[in-house]
1. Along the charge dipole of the stretch A:156-204, Cβ charges K/R +1 and D/E -1, which of A:ALA181, A:PRO160, A:GLY193 sits furthest on the positive end?
2. Compute a Gaussian network model of chain A, connecting alpha carbons closer than 10 Å, and tell me which residue from A:GLY138, A:GLY80, A:GLY115 fluctuates the most.
3. Kindly report the accessible area of the stretch B:134-182 per residue (heavy atoms of protein chains, probe 1.4 Å, no ligands, DNA or RNA), in Å².
4. Only Lys, Arg, Asp and Glu count, each charged at its Cβ (+1, +1, -1, -1), so figure out the dipole size of chain A about its Cα centre, rounded to 20 debye.
5. Compute the accessible area per residue over the stretch A:74-159, keeping the other protein chains in place, probe 1.4 Å, unit Å².
6. Quick query: amide H of B:ASN173 versus all other amide H atoms, modeled in the peptide plane; which residues come in under 5 Å with a sequence gap of 5 or more or a different chain?
7. Determine the gain in length on full extension of the stretch B:MET213-B:ARG96; use 0.36 nm per residue of separation and subtract their C-alpha separation, reporting nm with one decimal.
8. Which residues among the stretch A:91-131 fall inside the zone where the amide N is under 14 Å from a point 7 Å beyond the Cα of A:ALA206, along Cα→Cβ?
Amino acid sequence: MDVSAQLEAQKSKYKSINVEKQVPLQFDLGLLASYDTNALEENKLKTETDNYLKAYTRDGTQLLINEIFQLPLTSVQDVGVVVELPKIVTAIPREKPLPKPKPPTRWERFAKVKGIKKNKKSKLIYDEEKGEWVPRWGYKGANDDGSNEWLVPVPDNADPFEDQFTKLRQAKKERISKNEARRRRNIEEAETGETQKLENKSKAGARALKKTELHQQISVAKTSTASLGKFDKPIKGEPSNTKGVKRKFEPNIGDIQKEKEARLNILNKIIDKKGEILNVRKAIAKNHQEN
Amino acid sequence: MLKTIKPKNARTKRILKKREPKVEENVKTAIFVRGSTTSQVVNDALSDLCRLRRTNSINFTKKNNVHPFDDDTSLNFYCSKNDASLFVIGSHSKKRPHNLVFGRMFDGQLLDMIEVGIEKAITMNEIKSQKCSVGMKPLFIFNGDLFETSQVHKTFKNMMLDFFRGQNLESINISGLEYVISITATGSIVDSDSTAPSTSDGKIFFRVYTIQMTKSGQKAPRVELEEMGPSYDFKLRRTKFANEEVYKIATKVPKTLKPKKVKNIDVNEIGDKVGHIHVGRQDLGKLQTRKMKGLKRMTEDDQTEDWSQRIEGVFLDIQHVEE
């Protein structure tokens, strides 16, 4: 017997799964949907509605099922054959708007400007004194201030009659209340929309902040030699070190002519062009400034 | 509007958290509301539709005075109270007999609505056949080119998909493909963009069938259908479409759900997958050239070893001489 004939015989045992359509269907397999734009037979639809619809839908369903079976199939134990569905193509409106990102706290904003990244720390750390692993913080934590110990050493230059226990507890209470106040402030700022304003501000100020910080670091580095940087060669573009420049005052008894000139100068500046009214407040401020 | 609730205990806190906007949303809840006057047809339709998307639907069994096309305040209240974003309102009047209003909400506000009249209805119980199990995802078949051309039909299609699609799944069990919802539109369009129903004699046939799969000798099975019900012949009535801007916000895909851009992999015109490989700069220091003994660089170890050996050799020589 011929192979093709055998195949034919095998096929004829079952009903066909092939369906002919003039316009191929569109599928959105993520939704298990198919869109058929072929023209319907109007008169059949009127005379034998239900039968026609059933037959027509069967054809459509057959095509959809054929398409679904072409997707990657995996057989899972105790469950059956599972089909992996693609992403949905048809845009379906959401129920609620997208969640808004949580407004950053003051610390988060600062950390972003400074480029500080959060790195995960293990919860337990090894305490060498005790010789065991203890939590980093919290109950019996490594950062315990010692107020629960039976003995607290009195610092060298502390008042010997002061209760060190209450002092430590007081300090802890203060730290907690300070943190709480900050937490409240963060929530408040997030609710009033203040955070956004501050963030915009800090975005603009981030560069300036970095610059001033760099200047500070340079000035520290400059005075870190044995001679406090006295003999160092100046670098190109180096910020002038204004730190430690003392104000200089004129001697109390000096050149009268010079002083007179200076006073007149001030007067000329204050009396406006029309030369009538004297702004006393401004004059005093100017005088202070010039001196 | 409901006033914002501040949770007083952990349970309400959890419930409120479930209602918060999420990237991957919950399955939409639908409420089925009876208007001030209803007919038996409408009541049956409401309970049948409710049954179709059971576990995620709430059937209001008492009458409510709602007129969604005139005033949507009470509707907003029902939806926000039940955390529902889909609704069906049934009513019956002389002017609009056996009336159903399908609608959707977005962010607690009405998004769009379509009103249909039931011209012919068969309930699920009238058809004696096996029903699908609860919580199954249906297959959808939309027949008729009106679903591509007419704006009203497009919206209706989208709404039906939204109503009955159920859970959002990444994979589905083949045996879970139990039933198919077939929606067929007939008629001719007058104006494709108009918001009013564009077809005069047009109808929408809503049918639900269960699927039987039999062997076909091939990978895909042969499909046979059996009517499950309910089945309706709808006629489109009034509509209210979504504001374009609001709709745009509503269909926004979150960044995390968008497919990632695949770099350096293309598909060319023939359909072959082509990958670009970026080779880094070659390190010429490690280049293998011709080996020559004279050019060999000795490591420190080699050198010291060499010296110690030589010194030992000299000592041996001296010993020989002495002997």
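The values are calculated or read from the model by the stated rules, or taken from the named source; none is laboratory data. Note that the structure is a prediction, hence the values are computed from the model and not measured. Reconstructed Cβ throughout: ideal geometry from the backbone, glycine too, with neighbour counts over all protein chains shown. Quick note on the areas: whole protein, heavy atoms, side chains included, nothing else; ligands and nucleic acids left out. Shrake-Rupley method; radii C 1.70, N 1.55, O 1.52, S 1.80 Å.
1. The one lying farthest along the dipole's positive direction is A:GLY193.
2. Looking only at A:GLY138, A:GLY80, A:GLY115, the biggest GNM fluctuation is shown by A:GLY80.
3. 29 Å²
4. 2240 debye
5. With the other protein chains kept in place, the stretch A:74-159 gives 84 Å² per residue.
6. Distant-sequence amide H within range of B:ASN173: A:VAL83.
7. Length difference between fully extended and current span is 38.0 nm.
8. A:104, A:108-117
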